Amino acid sequence: MSPLGGRLGGMRIAVVADGEGGGWLRELDGASPTGPARRVDDLVAAVREIEYGSGEADPPRWVWAVTEEVYPGLVRAGVRVRRCHDVEHTEALLLGHAARHYEPHSLGAAWARLHDLPVPDDPVRPLGEGTTAQPALFEADRSTLPPGTDRLQALVEVHRDQGERIAALLAPERFALLVAVESAGALAAVEMSHDGLPWRLDDHDRILTELLGPRPTGGQRPRVLAELVARIGEVVGHEVNPDSPAQVLRAMAWVGHPVESTRSWVLERIDHPVVPLLLRYKELARLYSANGWSWSETWVREVEPGGGETERPRLGRFQPDYVVGGVVSGRWATRGGGALQIPKAVRGAVRSDPGWVLVRADAGQLEPRVLAAVSGDDTLAAAAAEDDLYTRLATHVGGDRDRAKIGMLAAMYGQTSGDAAPLLATMRRLYPRALDYVDAAARTGESGGIVRSWLGRTSPPPRGWAATIAAPDADRRRRAHGRFTRNFVVQATAAEWALVFLAALRQELPVMPQGGGIVFFVHDEVVLHVPEELAQEGVRAIHRARDRTGRILFKDTPVRFPIDLSVTDCYAK
């Protein structure tokens, strides 16, 4: 079984595509070339032969500038690799570790720094275009290297330099693991985007029609939204466009309830019959724009159903464009499509194909368990050995589980207002090492410093700190940054746990039929799409990946990381 770690030993192969189906390969022993560069006319065939021709042997780790430029073409051609080293992601992590988050991190930028040349800006990645995009086999070169530069040689040089910089860190093994799983995440992101989350187009249309009315034409509002506009106008006494914040503000003042904002939480405080109408309009209008019919045409690709069903469902695949490490904590983002915020209203459209099931794995209470592991707080670790950590904590706050949860969240987020303050004091008394851990991170942030996750992901330094500490509200700003760093050390490590789990799960899953495997990943949740007869194989793979993740990150910690598992045909269930 392939290890997750990114140690420098072992066979690696540097890869550069030429944009026309061919490319160049060079074998490396760790970071050192073992032979000359090799030109191949068919890059897909060359990678397939090397990756699958190794049999049971440990496969190579592919080294390339950026996964999203090379790997999509391989995946579309039916080739999936087990390991890679993504130079761009690695450069971003290394720059962040040196508190240089805002510097360019492309291959061209890394090579320019290595040679003391002017550093080019990073290329602008195109926004996701949904299923209408028809990309070439391999993306165009966006390395920003100077014209005439040997791209393969530049790649090898930067890869060697990155290895030397990692080896010089205080905890190189941990950081090498971070680099390895970040790169594995990049592989998984491409695979999930290609395979797509199963989406029933007929169910989606039915849900939208029930909530909004029939699909409108000619740029008109859906019937239900139009009816809400009319009712809002009747209550206010004149026509109001709910899509215009300025008109809503004037309308609220007109009815005797002036507000400073049209945000939902502001309107909810007002007792007036127009408020429920406005809130309902905002909710449905958001659904119409974010996940309506136009959205499905852009982001959901229709596929032919298999088998001989009498009623043939309209099967689709939601194919978002994931951005690995798109958030400073290491959590993912997306370029369009809104994959990380699928609203409950349309989750009924996420259904497995006939004869297949969805296996959903959710690592519950992940952040407090991570805090118990990284802080070495034995008392909190004992609580985290239970299936429900909050039930164990509740014994110290009168048996009230909700209050126990508030207290733990206050510890991790630094909340001190309302009921949180006395609960935070209780947590500080019961779990001193855990609170010391996040308190120290908060103090570092309040002084303008940086903090690191368990594996070494580093918080960005606050911009304009000199102006911040000279501002009239300097204390408030310092406390705000302290709350950010307090949570960063926990949330970023939780993101690492999820990323190690995702990487391990890629290795643990058995070979699946086309379109089967990991199809969705958000924060601490993974969804598989598998044939019914392989459902239990998927469940066992999840358990093995969970156990490996705990050992890899925290060795023999007593903290448990339970997984909430469900096998179903519908995500809404």
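Bear in mind these aren't lab numbers, they're just calculated from the coordinates by the rules spelled out. Treat the numbers as computed from the prediction; the structure is a model and nothing was measured. When we count neighbours, we look across all protein chains shown, and the Cβ atoms used for this are built from the backbone with ideal geometry, even at glycine.
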Subject >> the chain: relative contact order as a whole-number percent, Cα under 8 Å and 6+ apart >> reply: 15
Original post:
Whole-Hz Karplus ³J(HN,Hα) for region 75-92, in order, using 6.51 cos²θ - 1.76 cosθ + 1.60 and θ = phi - 60°, x for Gly and Pro?
Top reply: 5, 4, 8, x, 10, 10, 9, 8, 8, 8, 10, 8, 5, 5, 4, 5, 5, 4
Original post:
Which value, in debye to the nearest 20, gives the size of the charge dipole of region 366-490 about its Cα centre, when Lys and Arg are +1 and Asp and Glu are -1 at the Cβ?
Top reply: 480
Original post:
Which one of PRO472, TYR413, ALA394 is farthest out on the positive end of the charge dipole of region 366-490, using unit charges on Cβ (Lys, Arg +1; Asp, Glu -1) and the Cα centre as origin?
Top reply: PRO472
Subject >> Equivalent ellipsoid semi-axes - Cα gyration tensor, region 366-490, angstrom >> reply: 28, 17, 9
Original post:
What distance in nm separates the simple spin-label points at ALA45 and ALA98, each placed 7 Å from Cα in the Cβ direction?
Top reply: 4.2
**OP:** Please work out the FRET efficiency for the pair ASP116 and GLN153, using the Cβ-Cβ distance as r and a Förster radius of 22 Å; give the result to the nearest 0.05.
**Re:** 0.80
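Given the Cα-Cα distance of ARG125 and GLU304 and 0.36 nm per residue of separation, how much length would full extension add, in nm?
Contour length minus the Cα-Cα distance gives 61.3 nm.
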Original post:
Expressed as a rounded percentage, what relative contact order does region 366-490 have, with Cα pairs under 8 Å and six or more residues apart?
Top reply: 25
**OP:** Please order HIS238, HIS89, HIS194 by the number of other Cβ within 10 Å, starting at the fewest.
**Re:** HIS238, HIS194, HIS89
**OP:** Among DSSP beta bridges whose residues both lie in the chain, state the antiparallel percentage, nearest 5.
**Re:** 90
**OP:** Provide Rg over Rh for the chain; use the alpha carbon set for both Rg and the Kirkwood Rh (inverse mean inverse pair distance).
**Re:** 0.99
Subject >> Gain on full stretching of the segment that runs from ARG428 to GLN220 - 0.36 nm per residue minus C-alpha separation >> reply: 69.2 nm
**OP:** Please name which of ALA285, PRO214, ALA226 has its Cα lying farthest along the dipole of region 206-293 towards the positive end, using unit charges on Cβ (Lys, Arg +1; Asp, Glu -1) and the Cα centre as origin.
**Re:** PRO214
**OP:** Report the FRET efficiency, 1/(1 + (r/R0)^6), for GLU268 and ARG540, where r is their Cβ-Cβ distance and R0 is 45 Å, rounded to 0.05.
**Re:** 0.50
Original post:
Hey, quick one: spin label on LYS344, modelled 7 Å out along Cα-Cβ, who in region 185-229 has an amide N within reach, i.e. under 13 Å?
Top reply: none
Original post:
For ALA167 and ASP556 in one chain, what is 0.36 nm times their gap in residues minus the Cα-Cα distance, to one decimal in nm?
Top reply: 137.5 nm
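Neighbouring Cβ atoms within 10 Å as the yardstick, rank LEU499, LEU277 fewest first.
LEU277, LEU499
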**OP:** Amide H neighbours of GLY448 under 5 Å, at least 5 residues apart or on other chains, H built in the peptide plane: list them.
**Re:** none
Original post:
For region 450-461, what does the Karplus curve 6.51 cos²θ - 1.76 cosθ + 1.60, with θ = phi - 60°, yield as ³J(HN,Hα) per residue in whole Hz, taken in order and with x for Gly and Pro?
Top reply: 10, 10, 10, 6, 4, 8, x, 5, 10, 6, x, x
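Does region 1-196 classify as rounded, prolate or oblate by the C-alpha gyration tensor (a ≥ b ≥ c root eigenvalues; a/c under 1.5 gives rounded; else a/b over b/c gives prolate, otherwise oblate)?
rounded
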**OP:** For ASP86, enumerate residues with amide H under 5 Å from its amide H, sequence gap 5+ or separate chain, H modeled in the peptide plane.
**Re:** SER183
**OP:** Can you tell me the FRET efficiency between ALA440 and ALA474 if r is taken as the Cβ-Cβ distance and R0 is 25 Å, rounded to the nearest 0.05?
**Re:** 0.75
**OP:** Scan around TRP199 for amide H atoms under 5 Å from its own, H built in the peptide plane at 1.01 Å from N, and keep only partners 5 or more places away or cross-chain.
**Re:** GLY316, ARG317, PHE318, ARG351
Subject >> the chain - mean residue ellipticity at 222 nm from DSSP helices (-39,500 (n - 2.57) per run, n ≥ 4, rounded to 500) >> reply: -15000 deg cm²/dmol
Original post:
Pairs of lysine in the chain with Cα under 25 Å and at least 8 positions apart or on different chains: total?
Top reply: 4
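Within the chain, what's the longest stretch lacking GluC sites (Glu not before Pro) that sit in DSSP loops with no more than 12 other Cβ atoms inside 10 Å?
312-573
What net charge is computed for the residues neighbouring LEU94, neighbours being all others with C-beta under 9 Å from the C-beta of LEU94, Lys and Arg scored +1, Asp and Glu -1? Provide the component values of the computation, followed by the final result.
Working: positive: ARG100, ARG165; negative: GLU91.
Net local charge, LEU94 excluded: +1.
For region 120-277, what does the relative contact order come out to in percent, with C-alpha contacts under 8 Å and a separation of six or more?
For region 120-277, the relative contact order is 9 percent.
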Original post:
Nearest-5 percent of antiparallel DSSP beta bridges in region 1-196?
Top reply: 65
Original post:
Ordered by residue, what ³J(HN,Hα) values in Hz, to whole numbers, does region 546-554 give under the Karplus form 6.51 cos²θ - 1.76 cosθ + 1.60, where θ = phi - 60° and Gly and Pro are x?
Top reply: 4, 5, 4, 4, x, 5, 5, 7, 10
